[in-house]
Amino acid sequence: MKYIVGIGGVTNGGKTTLTNSLLKVLPNCCVIHQDDFFKPQDQIAVGEDGFKQWDVLESLDMEAMLSTIKAWESNPQKFAHAHGVNVQLDTSDTHILILEGFLLYNYKPLVDLYSRRYFLAVPYEECKWRRSTRSYEVPDPPGLFDGHVWPMYQKYKQELEANGVEVVYLDGMKSRKELFHQVLEDIHNSLLNRS
């Protein structure tokens, strides 16, 4: 059985932390990080807001991401081996792929691939504080969060809701442990219901 999990949501909402925790305990589990598909910096447009448009779908090579997902779908064992994942043969031939990123549910070719979609959300002030404590390869210029990052998050969240994309909302203010156990239990139950 092939099972694709989306861990999406707001920047600095805890997506990577949750993904890494799940990766450690789920059998035959691979991960694809959407951040690995950013286009080169010289291909990122400057918007009307005066900022490089990193937080828009066009900043990502989504066709390459989709191609990578299709490679997993066609042969999850080969994909796992190529990515250093030890395949466990005693797990009912279940293979899990976690897709982690901030715009997972706004690219139409991906929407129907998911077995389960999670969306981490945190309030504006918390998100802004968390973002300010991170260091990025391309540092945030002053005003980026309020002038671009948060407005794009709101835009794309409204878009996925308007398109009727069903997600399980997760409260990113919960402890890492709570979120991990909530999602792990949900995935286990979903897998049991499919077998």
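Below, the figures for the structure above:
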| read-out | value |
| --- | --- |
| Residue in the range 70-82 that is closer than 30 Å to G143 by Cβ and in contact (Cβ under 8 Å) with a residue 40 or more places away in the chain present | no |
| The range 33-56: number of residues that are in a helix (DSSP H, G or I) and crowded, with 20+ Cβ neighbours inside 10 Å | 1 |
| The range 112-145 - residue that is among the hydroxyl-bearing types (S, T, Y) and either modelled with pLDDT of 95 or more or touching a strand residue (DSSP E or B) at 6+ places or on another chain (Cβ under 9 Å) (or both) and, of those, farthest from D186 (Cα to Cα) | Y124 |
| Among residues of the range 165-188, those that are among the charged types (D, E, K, R) and part of a strand (DSSP E or B), counted | 1 |
| All positions within the range 146-173 that are open to solvent by less than 70 Å² (accessible area, probe 1.4 Å) and more than 19 Å from S115 (Cβ to Cβ) | G147, H148, V149, W150, P151, M152, Y153, Y156, K157, E159, G172 |
| Residue selected from the range 16-32 under the condition more than 16 Å from A82 (Cα to Cα) and touching an Asp or Glu at 6+ places or on another chain (Cβ under 7 Å), by the criterion surrounded by the fewest Cβ atoms within 10 Å (Cβ to Cβ) | T16 |
| Filter pass, G13 being in a loop (DSSP other than H, G, I, E, B) and exposed (fewer than 13 other Cβ atoms within 10 Å of the Cβ) | no |
| Hits in the range 1-10 - residues which are open to solvent by less than 30 Å² (accessible area, probe 1.4 Å), hydrophobic (A, V, I, L, M, F, W, C) and farther than 25 Å from S175 by Cβ | I4 |
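The rows are residues; the columns are (1) more than 25 Å from L22 (Cα to Cα); (2) of a type in the set (G, A, S); (3) modelled with pLDDT under 95.
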{"site": "I98", "(1), (2), (3)": "no, no, no"}
{"site": "G147", "(1), (2), (3)": "yes, yes, yes"}
{"site": "K157", "(1), (2), (3)": "no, no, no"}
{"site": "V165", "(1), (2), (3)": "no, no, no"}
{"site": "L170", "(1), (2), (3)": "no, no, no"}
{"site": "L192", "(1), (2), (3)": "no, no, yes"}
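The values are calculated or read from the model by the stated rules, or taken from the named source; none is laboratory data. No experiment lies behind these values; they were computed from the predicted model shown. Counting neighbours? That spans all protein chains shown, and the Cβs are built from the backbone with ideal geometry, glycine included. The area values use the complete protein model at the heavy-atom level, side chains included, leaving out ligands, DNA and RNA. Shrake-Rupley method; radii C 1.70, N 1.55, O 1.52, S 1.80 Å.
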